[in-house]
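Working notes, structure below.
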Amino acid sequence: MGDMENWPEIEKAATEKRRELVFQGPAFDERISSDGGLASALYSLTLLNYLEVSQCPSLTEIHEDIQRLTNLQSLILCRNRLASVPNVVGKLKSLKVLDLSVNNLSSLPEGITQLKELTTLNVSCNSLEVLPEGLTQCTKLSTINVSKNRLTGFPADFYSERLDLLSTLVASDNSIEQLSGDVHKLAALKVLDLSNNKLKEIPSDLSDCSKLKEINFKGNKLSDKRLEKMVNGCQTKSILDYLRGKGKGREEGGDVDGGRKADKGKRQQRKKKVADDQDEVEELNKMVVRVLHVSDSPAALSVTVSAEVKDVRPYLVCCVVRGMNLKSGNALKRFLVAQTKLHDDLCGKRTIATIASHDVQLIKAPLTYDVKPPTQLKVVSLGRKEMTAIELIRHLQVEADELRKQKKRQNVTGLHKYLQLLKGKAMYPCLVDAEGHVISFPPITNSEKTKIKKTTKELFLEVTSAASLQTCKDVMDALIVKMAELNKFTAEHREEAGSDGEVDGPPDTAASSEPSSELIVQQVRTVDQDGNLKVVYPSKTDLCNDISNLTVIW
């Protein structure tokens, strides 16, 4: 299935006992086309826990030998032209993330239902007409994305208490005709997107999902026109309150006249609520992200990427954000908590990507993204003195062991839980300023020298990954949207500035004017050592998530 001379990456991964391998883009697609598929030697790399083959339209099938990769935790096979997936995928008992999005799949193998450790399933942008029954056996599922398929409904056994960790269900752009009232059994559901389907009713039982934070039913022709109007313009809470009211109406519906009187008595309240909801929507529309182009700012930051990062942690996107209010109340704390949550969720506990934020005023440009040996990489880690990377790792390892003994437990917290991500690495990635100082050491830590504070007015954001460039962009998109939400919250609540001694000088005159939640995102270029453009973020294809309360101005 392919001459090994054409696949030096496989031989290198075997020699170095690598646990991650990525094949992406035209160069690899050409090899797959000429060899008639992936090299069979790939399936002998049994130590792999992350495998990605993406953007290779010549890849139409995966060999059954995939079952030999029993240590795989993430299998990313997106943006190819897979027509089928072998049933033996169910033997990958360690698999946590399965991404089969943007392929030509018309069905999924039943073997998927045997993946007991699976937490994330993405099969969006295919031609699926049904989902396999038995997904409820994947009891650790937390995210399912089946958007942009041809589904007409969910399996009969899908609405089950067994999926008690399922928090995100995205099934937009299908032909789903009915949402069962049993949806309330998905008790952990936080995000539900069924936009652009063929629903006529939304069951009142949905209001019993107590953790729901975000629902989207736009693009459905609902028989209840008032509800349809609310769906197209209102927030989740208002819709759930309305559904809750309908549910109570049915419970009291034995007495028709009594029901009419109750409706009449509530009419004024409902009118008031709808008016309040419209005001709320107008307020939400103030959430604006304005993109400032590189060409409009000659002094804009740029990052030079060295060729050596290719084999270590090759992908990087950056941008500068202005207008983020960190001074008021707990705004800084909320931002740091949100960043940690993105690390734990979307970034897969930093195994998929890592975020870093810096104070622009403390950065000495230009910047270089490079690699250094552990003994030569020196960094002033957050809250610590300067030391080499190898000293820092040893120090953290000792701390981790002490914590285990003190707390008498297996797991550790903080930076200690990321040490395993560097095992076996001969070179470490780092972001270096013009004076040669390391300001970022992903996936472990930022530098104390560029640490953000309440007084920070401009943030330099970076996202790095060994997975893919699109992964970096998706994470950065999510971070900017979250920042816009946090800024809006801060503006609305008009918290007082903190009194922790970090705010110096005269009061900020802008603080006394009408608070604004608008963010300005300055594009940042990353270039190779010859000055050739690698990527600019954000580009026109970024920040284009369908978020009704966010406006992006280019």
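The values are calculated or read from the model by the stated rules, or taken from the named source; none is laboratory data. Bear in mind that the values here come from a model prediction, so they are computed numbers and not experimental data. We place every Cβ from the backbone using ideal geometry, glycine too, and count neighbours over all the protein chains shown. Only protein heavy atoms, including side chains, enter the accessible area calculation; ligands, DNA and RNA are left aside. Shrake-Rupley method; radii C 1.70, N 1.55, O 1.52, S 1.80 Å.
More than 21 Å apart: what percent of Cα pairs in the range 292-402 qualify? Result: 56 percent of Cα pairs exceed 21 Å. Expressed in Å, the radius of gyration and Dmax of the Cα atoms of the range 148-219 are 11.2, 30. Classify the range 101-235: rounded, prolate or oblate, from the alpha-carbon gyration tensor (a ≥ b ≥ c, eigenvalue square roots; a/c under 1.5 rounded; otherwise prolate if a/b is larger than b/c)? Oblate is the answer for the range 101-235, as a/c is 1.5 or above yet b/c matches or exceeds a/b.
Mind checking the dipole of the range 112-182: about its Cα centre, +1 per Lys or Arg Cβ, -1 per Asp or Glu Cβ, Debye to the nearest 20?
240
Pair-distance distribution P(r) for the range 110-155, from all Cα-Cα distances in 10 Å bins starting at 0: 28, 57, 15 percent.
Values of log10 I(q)/I(0) for the range 31-108 across q = 0.14, 0.17, 0.18, 0.23 Å⁻¹ run -0.40, -0.61, -0.69, -1.16, by the Debye formula with one identical scatterer at each alpha carbon and no solvent. Taking N as the residue count of the range 6-145, its C-alpha radius of gyration divided by 2.2 N^0.38 Å amounts to 1.00. In order along the range 62-73, the phi-based Karplus estimate (6.51 cos²θ - 1.76 cosθ + 1.60, θ = phi - 60°) of 3J(HN,Hα) comes to 10, 5, 5, 5, 3, 4, 6, 7, 6, 8, 4, 10 Hz; Gly and Pro are listed as x. Couplings 3J(HN,Hα) of the range 174-184, computed from phi: 10, 10, 5, 9, 8, 10, 5, x, 6, 4, 5 Hz, in residue order, whole Hz [Karplus 6.51 cos²θ - 1.76 cosθ + 1.60, θ = phi - 60°; x for Gly and Pro]. Over the range 1-98, accessible surface divided per residue gives 47 Å², non-protein components excluded, 1.4 Å probe. The Rg/Rh ratio for the range 330-391, using Cα coordinates for both the radius of gyration and the Kirkwood hydrodynamic radius, is 1.01. Could you tell me the center-to-center distance, by alpha carbons, between the range 145-173 and the range 101-131 in angstrom? Rounded to whole Å, the Cα centres lie 11 Å apart.
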